[in-house]
Amino acid sequence: MELISPVDYVKESVLAVQDWAELSGQSIRNVFKKPRYVSDMVYQADIIGVGSLPIVVLTGFFTGAVLALQTSDTLARFGSSSLTGQVVSLSMVRELGPVLTGLMVAGRNASGMASELGSMKVTEQIDAMRALGTDPGKKLVTPRVAATVFMMFFLSIISDLLGLIGGFFVSYFMIGLDASQYWTMTYQSLRNEDVTMGLIKPVLFGFIIASVGCYYGLSAKGGTQGVGRATTQAVVAASVLILVVDFFITRLLMGLGL
Amino acid sequence: MNSLLTRPQPSASDLARHIAISFEDVSISFEGNLVLDGISFVLERGETKVLFGVAGAGKSTILKLALGLVKPDRGSIHVLGHDVTQMREEELFELRRQIGMVFQESALFDSLKVRENVAYRLIEEKDIPPEDVESRVREALRFVELERTLDLMPSELSGGMRRRVAIARAIVTQPEILLYDSPTGGLDPITSTRIIELIVKQRDVYKTSALMVTHRLQDGFIMASHHFDQKSGHMVENAPGEKTDANTSFLILRDGKVIFDGAAPELAHNTDEYIKEYIS
């Protein structure tokens, strides 16, 4: 294995961040520029949104269910089992819905984008596209970023809802809580601020997933091995970034009073 | 040819009128390796220049530089009168629409059918009616004798067929310049000759300026010694004593420098040891 000097490593890392930031900036600017590839956007929205629905539904449902199971046990020690719905709804809407949906979509779509664009890169299809007078940023990156941001917003809402339903199943059938008590608690405990936070996060996570996936795909080199490496790196980087950004955005939004 | 390089700097309008591509003192290195070291050459309008050199000599890099896909470290490159080294990517997209490129491994879009691959640039232009797109795609595919593959995917084609579809995709808009990157690489002799015939046909029928990278010397010599006969529809050898096609010249690269730039007779009588060994 070839050793790399620390200076080169830092330079490469800074360059990678710069390239990613440039690609991300372009993807946003391109939304306001022609040509717009609307059909590509719709196609990507179908792949990312509808395609991710089964895993988001399952993840949301079972996360809500296990959350109810765990918290009800702890709450029962303080005689507060009735608060289970409140814990499930706050946890799901503010935190777990967006984060878990983000991680699932990252695993499924950041890898898909990196491998698809990476294959195109190593087989010179990206160069061919540029040679044919098409901007790959407009044709490939912007539709993926826009579609992921748009669909993550709705996928998170679905995940939140399924989480609450999962929590209800456990609370009602296993713990024996009253149905109306559970739903009243979940509904009443949610403030506008919680919902706002829960809807801002998926938009950011969607942007991270698509921009990171596209960046790693477009910077793939070295044949099929390079595509494999880009795919792995895209999922790892997107997942870690989601968790890091989640912390900072939560802190920021809490600081703003959300 | 070389006299053009020593003349005073031509004006932009002269460049646009007579010269398709000009490289002036162009250097580029990748990861510390100097690939091209101050190369200069001129491709006149209507001329086909065949680029020779060992693997890694920077032949394909020259084509990518001409398209503005990569930027040189030094020097200037004029294409159809535009300095591509000074142009932004958005401006380059306009210029690239006047240039066709056939990539080494065809680089067809593997998720699109042959029809969509060939029509790609026409569809992107958006203002061309669908029936016109269809007829131009068919015409381009007829030119490469692959009209029957319209609805096939690139993965269903052989290597030679993919290369011919790539030629059809490059010529569908009748560009002013064509760039061929090893169009016969890895193909059998019969298919290779067929592809060279298509390139000669494009050269002689449409008078397109072209740069062609190749490893096979015989490709270049066939191009210099044959012309396309429109009556018979085939490539035929020039008659003995007939002057070889003045529109085909050769450029040989070695260690990042141009060591030969001229026509076939000059190449055949060159006394440089390396060139003699290369063409022997």
Problem set entry | Yes/no for A:Ala146 being within 14 Å of another protein chain (Cβ to nearest Cβ), under 30 Å from B:Phe103 (Cβ atoms) and among the hydrophobic types (A, V, I, L, M, F, W, C) | no
Problem set entry | Count of region A:37-60 residues which are over 14 Å from A:Phe150 (Cβ atoms), crowded, with 16+ Cβ neighbours inside 10 Å and within 14 Å of chain B (Cβ to nearest Cβ) | 1
Exercise. Quick one: how many residues across region A:52-73 are hydroxyl-bearing (Ser, Thr, Tyr) and within 21 Å of the chain's Cα centre (by Cα)?
Worked result: 3
Exercise. Is region B:76-84 home to any residue that is surrounded by 21 or more Cβ atoms within 10 Å (Cβ to Cβ), part of a helix (DSSP H, G or I) and within 13 Å of chain A (Cβ to nearest Cβ)?
Worked result: yes
Exercise. When you look at A:Phe154, is it closer than 28 Å to A:Tyr43 by Cα, assigned to a helix (DSSP H, G or I) and of a type in the set (A, V, I, L, M, F, W, C), yes or no?
Worked result: yes
For this session: Look through region A:207-241, keep the residues that are assigned to a helix (DSSP H, G or I), of a type outside the set (S, T, N, Q) and surrounded by fewer than 18 Cβ atoms within 10 Å (Cβ to Cβ), and return whichever of them is farthest from the chain's Cα centre (by Cα).
Result: A:Gly223
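Would you check which residues across region A:176-188 are within 30 Å of A:Ala106 (Cα to Cα) and crowded, with 16+ Cβ neighbours inside 10 Å and list them? Break it down stepwise before answering.
Here is the first cut: in region A:176-188, the ones within 30 Å of A:Ala106 (Cα to Cα) are A:186-187.
Passing the criteria: only A:Thr186.
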Problem set entry | Hits in region B:66-91 - residues which are out of contact with any Gly (no Cβ under 9 Å at 6 or more places or on another chain) and under 19 Å from B:Lys257 (Cα atoms) | B:Ala66, B:Val70, B:Lys71, B:Pro72, B:Asp73, B:Ser76, B:His78
For this session: Please give the number of the condition A:Ser82 fails out of (1) among the small types (Gly, Ala, Ser); (2) under 19 Å from A:Trp183 (Cβ atoms); (3) surrounded by 19 or more Cβ atoms within 10 Å (Cβ to Cβ).
Result: (3)
Problem set entry | Members of region B:124-153 that are within 10 Å of chain A (Cβ to nearest Cβ) and either crowded, with 16+ Cβ neighbours inside 10 Å or in contact with a Pro (Cβ under 9 Å, 6 or more places away or on another chain) (or both) | B:Glu124, B:Lys126
Exercise. Residue check: is B:Ser209 more than 21 Å from B:Asp261 (Cβ to Cβ) and among the polar types (S, T, N, Q)?
Worked result: no
Exercise. Applying the selection to region A:95-138, what residues are buried (at least 24 other Cβ atoms within 10 Å of the Cβ), away from every other protein chain (no Cβ under 14 Å) and not hydrophobic (A, V, I, L, M, F, W, C)?
Worked result: A:Gly97, A:Pro98, A:Thr101, A:Gly102, A:Asn109
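Collect the residues in region B:157-174 that are closer than 20 Å to B:Ile128 by Cβ and part of a helix (DSSP H, G or I), keeping them in residue-number order. Reasoning before the result, please.
The first filter runs over region B:157-174 and keeps only residues closer than 20 Å to B:Ile128 by Cβ, leaving B:165, B:168-174.
Selection gives B:Val165, B:Ala168, B:Arg169, B:Ala170, B:Ile171.
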For this session: Name the one entry in A:Leu177, A:Leu204, A:Leu161 that is of a type outside the set (D, E, K, R), more than 20 Å from A:Gln26 (Cβ to Cβ), away from chain B (no Cβ under 14 Å) and not in a loop (DSSP other than H, G, I, E, B).
Result: A:Leu161
Problem set entry | Matching entry among A:Tyr187, A:Tyr172, A:Tyr182 (being more than 13 Å from chain B (Cβ to nearest Cβ), part of a helix (DSSP H, G or I) and without any contact (Cβ under 8 Å) to a residue 60 or more places away in the chain) | A:Tyr172
For this session: Please work out which residue is surrounded by the fewest Cβ atoms within 10 Å (Cβ to Cβ), limiting yourself to region B:85-117 and to residues that are more than 11 Å from chain A (Cβ to nearest Cβ) and aliphatic (A, V, I, L, M).
Result: B:Met87
For this session: Could you tell me whether region B:61-68 includes any residue that is in contact with a strand residue (DSSP E or B) (Cβ under 7 Å, 6 or more places away or on another chain), of a type outside the set (Phe, Trp, Tyr), more than 12 Å from every other protein chain (Cβ to nearest Cβ) and part of a loop (DSSP other than H, G, I, E, B)?
Result: no
Exercise. Any idea which of (1) crowded, with 21+ Cβ neighbours inside 10 Å; (2) free of Cβ contacts under 8 Å to residues at least 24 places away in the same chain is the one B:Leu43 doesn't satisfy?
Worked result: (2)
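Please go through region B:206-226 and give me each residue that is among the small types (Gly, Ala, Ser) and without any contact (Cβ under 8 Å) to a residue 40 or more places away in the chain, ordered by number.
Taking region B:206-226 first, the residues among the small types (Gly, Ala, Ser) are B:209-210, B:220, B:224-225.
Residue satisfying the conditions is B:Ser225 alone.
Each reported figure results from applying straightforward, stated rules to the coordinates on display, with no laboratory input. These numbers come from a predicted model, not from an experiment. Cβ atoms come from the backbone with ideal geometry, glycine included; neighbour counts cover every protein chain shown.
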